[in-house]
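Taking it in order: structure first as structure tokens, then the write-up.
The values are calculated or read from the model by the stated rules, or taken from the named source; none is laboratory data. Small disclaimer: the values here were computed from a predicted structure and weren't measured. Here the Cβ positions follow ideal geometry from the backbone for every residue, glycine too, while neighbour counts run over all protein chains shown.
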Amino acid sequence: MEKQDSKKKVAVIGSNLFDTLGFHFNLTFNNIGYNSKIFDIYDHYSLEGLTNYTTRFSINFENLIFKRLANKIINFKPDLVLCLYRNVPPFVIDLIKKEFRIKVVFLTGDHLGNFERGYPFISDFDAFFVKDKYIVRILKDKLNLNAYYLPESFNPQIHTHYLNEYDFGANYDISLVGNLYPYRAKILDQIINDYNISLFGITPKWMDLKWGKLYKGDLRGQQKSEIFFKSKINLNTLRYEEIYGANCRVFEIAGSGGFQICDRKKDIKELFEEDKEIVMFDTIDELREKFDYYLKHQDKAYEIGCNARKRALAQHTYKHRIKQILEITNLTL
């Protein structure tokens with residue numbers, strides 16, 4: 001029996017929460033004419049943390065929730081499956097591919113240290129998309145997998161604002177949007193007393209009073225974009241597991257027209273032109289020097305932010321990434 005819906009169907013296995021990778025891919029697929037739907041294992045389990053914990057230690061529970069997931073995807077009758085979750089057991093992919101002769105691909109925005117059990121490595125995916133060329137090399141050379149480099153991106157429909165030049169840098173000197181963890185906290189510890197820094201993101205329970213004083217709240221979507229633009233400098237410290245690649249914040253700040261200083265990474269220098277579209281650092285001393293310079297030269301910071309936005313809109317949206325996925329794998333939808 002033919003499908004009643006003439007639109008090609010895309011099943012996105014990922015988070016349905018606002019401003020997540022799954023949310024943005026699903027929204028963009030639908031915007032460009034596909035019938036896309038998110039399949040999230042947490043839709044019927046409100047306690048995500050408990051579900052994660054239980055699936056780690058109970059194979060029976062893991063099999064239960066992921067068999068339900070597979071059946072829902074099969075009933076949807078997709079033409080393409082895009083798996084964003086790294087904890088999907090291999091049998092789910094096998095069940096889908098047994099039912100349909102379709103492409104099932106894996107994509108992650110995570111760094112190398114976040115693959116948990118490594119289920120994707122032993123799953124029958126037709127292609128693997130990762131954001132770091134170092135990971136691509138490992139997957140190709142060591143595991144003989146069909147791996148491709150696909151940087152992260154931003155969503156101009158969500159990561160946008162309606163501000164003008166006079167709002168640039170108007171509210172904050174130095175902002176850092178992102179979760180606080182020990183490595184990042186140690187970096188901040190070296191500059192916290194010398195600069196006016198504001199923190200946005202999820203607050204860990206171990207955060208002591210000195211960090212709490214800097215904390216301004218959590219942000220999503222357009223709220224983030226306004227902070228990026230209204231900050232004189234956006235500090236973007238990448239995790240040490242990011243070998244060559246960039247985090248999503250690189251693209252969200254750029255797409256919002258914000259000025260950022262981030263860790264110097266090999267892949268980032270190929271995505272944005274250094275000192276024209278983005279500023280990078282290797283050492284804390286270099287970071288201090290650039291803080292001091294750009295706090296005094298906001299005209300140059302604004303120009304770099306504008307250049308970054310032009311680049312991001314031209315090359316680094318979710319629409320661009322979807323096009324790359326389809327072209328790289330010769331998928332026709």
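In the range 150-169, which residues are assigned to a helix (DSSP H, G or I) and touching a Lys or Arg at 6+ places or on another chain (Cβ under 9 Å)? Scanning the range 150-169 gives a single hit, ASP167. From the list TYR195, TYR183, TYR215, the one residue that fits, being farther than 21 Å from THR317 by Cβ, touching a Lys or Arg at 6+ places or on another chain (Cβ under 7 Å) and assigned by TED's automatic domain parsing to the domain that holds ALA301, is TYR183.
What number of residues within the range 118-149 are among the basic types (Lys, Arg), free of Cβ contacts under 8 Å to residues at least 40 places away in the same chain and in a helix (DSSP H, G or I)?
We begin by selecting, within the range 118-149, every residue among the basic types (Lys, Arg); these are 131, 133, 137, 140, 142.
If we keep only those that are free of Cβ contacts under 8 Å to residues at least 40 places away in the same chain too, we end up with 137, 140, 142.
The next check asks that each one be in a helix (DSSP H, G or I); those that pass are 137, 140.
Of the residues in that region, 2 qualify.
Of the residues PHE100, PHE106, the single one that is in the same structural domain as SER15 (by TED's automatic domain parsing) and in contact with a Phe, Trp or Tyr (Cβ under 9 Å, 6 or more places away or on another chain) is PHE106.
Looking only at the range 243-276, which residues are of a type in the set (D, E, K, R) and touching a Gly at 6+ places or on another chain (Cβ under 9 Å)?
Here is the first cut: in the range 243-276, the residues of a type in the set (D, E, K, R) are 249, 252, 263-267, 269-270, 273-276.
Scanning the range 243-276 gives ARG249, GLU252, LYS265, LYS266, ASP267.
Residues that are without any contact (Cβ under 8 Å) to a residue 40 or more places away in the chain and surrounded by 12 or more Cβ atoms within 10 Å (Cβ to Cβ) number at least 3 in the following helices (runs of 4 or more DSSP H) confined to the range 277-333: 284-296, 298-315.
Is it fair to say PHE229 is touching a residue at least 40 places away in the same chain (Cβ under 8 Å), within 19 Å of GLN298 (Cβ to Cβ) and touching an Asp or Glu at 6+ places or on another chain (Cβ under 9 Å)? Step through it out loud before you land on a result.
On the way: touching a residue at least 40 places away in the same chain (Cβ under 8 Å): yes; within 19 Å of GLN298 (Cβ to Cβ): yes; touching an Asp or Glu at 6+ places or on another chain (Cβ under 9 Å): yes.
Yes.
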